[in-house]
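What follows is a set of notes on a single structure, which appears directly below.
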Amino acid sequence: EPLTLGYYLFYLCFIITHMSKPSDQELIDQAKIHYDAEKLFEAARLLRQVDKDSPLLTDFHRKLLRNASICGKAVSELLAPPDKGEDGGESQWIKQGQSNGSYPTTIYYKVETGAKLTCRMETPVPTNLLVPLLSVLNESELYGTWIPSWTMPIRLGVKQSKQLINDTRGHQIIQVQCDVPWPMSTREVLMDVMAIDDIDKNGFIVAKMQSLTEESQKHLLSGYEVPPAEYGIERIDYDGAVLFRSCPVDHPNYASAKEKFSDDLILLQFVIYFDAHMMVPQSVVNFITRTAIGHVWNMLLHVAEEVRDGQRKEHKEVIERKSDFYKWVEQRSQFMLKQMKDKKSGSGVEEEPTNDENGGWTMEDVLSLSI
């Protein structure tokens, strides 16, 4: 009878569905594997399938989900066009300028209450700059060798930069102290940096940066304790993200970049936010947005060129010291680029074989290069 047949078909589908559905423990075990590979988003996707009331979910899992949400929000902000506001409203971003020099670049900014400044930079770059850029951004203790400083018209520059911890290959905490205009005291930021591999799912690498405070350290996935600031130094709030992905053909800078470079393009996007903890004069805001940010950005790209061409002694020594590491970075980057080309051609991409059982590098190593 039709009713009886339909009942059995429904029952059969029910059994098959529940037989194939992984248990909460299996989901958590798989999430741990992805987290150890620095695939935070994939780990979170699995954990969201676990019963929220399950006793298997620990504080560590909840912290993981929180961090994934914060990083996901940063990615969403960078994926949203800066010339369009939320729900089709007016954009809050102010276009500071656009350069069609060596690397077509657009800079945006927005200011809140005089002390909170957010800047956004977007530049399509040739694929041969991907690994050098990752290297320059990762080597935080070398920032002082290339980030410019100013004494006129205002005092501004990196005074000291060092890596405090690197507890996993995709996570580090960086301390940066900056000289600022008199009579302000030296400013310092402790940057909690988390790099995430989402190449296989969405084709990008992202690194999320946020200032580390006594309050925010409660959400760290490690047991690091924030040290007190030195006498005469004031800590500021800092937030940011850098995203590497295939450059969309409808990006405003795509056409001009494509004329300069024959290969495929990587879109380098960077957003930074900081609160100086005092009212910042408009003259300082103008200098930062019109001069300092653009100059630092151009230096980053220039230094990446020199790293690519073997002209930076300090970076060259680091790369030689980590030769196996950077060799893998190149291999993994090539897989990302192949994925880009295959997506354009409409073909599938098979998962790149790993060498974990032989002690080979994993994507965690690549992501430790992120900013």
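Taken over region 68-92, the criterion of being in a loop (DSSP other than H, G, I, E, B) and either open to solvent by less than 80 Å² (accessible area, probe 1.4 Å) or basic (Lys, Arg) (or both) is satisfied by ALA80, PRO81, PRO82, LYS84, GLY85, GLY89, SER91.
Checking every residue in region 54-62 against the condition of being over 23 Å from PHE204 (Cβ atoms), assigned to a helix (DSSP H, G or I), open to solvent by 20 Å² or more (accessible area, probe 1.4 Å) and among the basic types (Lys, Arg) gives at least one match. The residues of region 184-229 that are more than 21 Å from LYS162 (Cα to Cα) and of a type in the set (S, T, N, Q) amount to a single one, ASN202. Scanning region 174-211 for residues that are among the acidic types (Asp, Glu) and either without any contact (Cβ under 8 Å) to a residue 12 or more places away in the chain or open to solvent by 20 Å² or more (accessible area, probe 1.4 Å) (or both) turns up ASP179, ASP200.
The values are calculated or read from the model by the stated rules, or taken from the named source; none is laboratory data. Since the model is a prediction, treat every value here as computed from it, not as a measurement. Every residue, glycine among them, receives a Cβ derived from its backbone with ideal geometry; neighbour counts consider all protein chains shown. Protein only, heavy atoms only, side chains kept; ligands, DNA and RNA dropped before computing areas. Shrake-Rupley method; radii C 1.70, N 1.55, O 1.52, S 1.80 Å.
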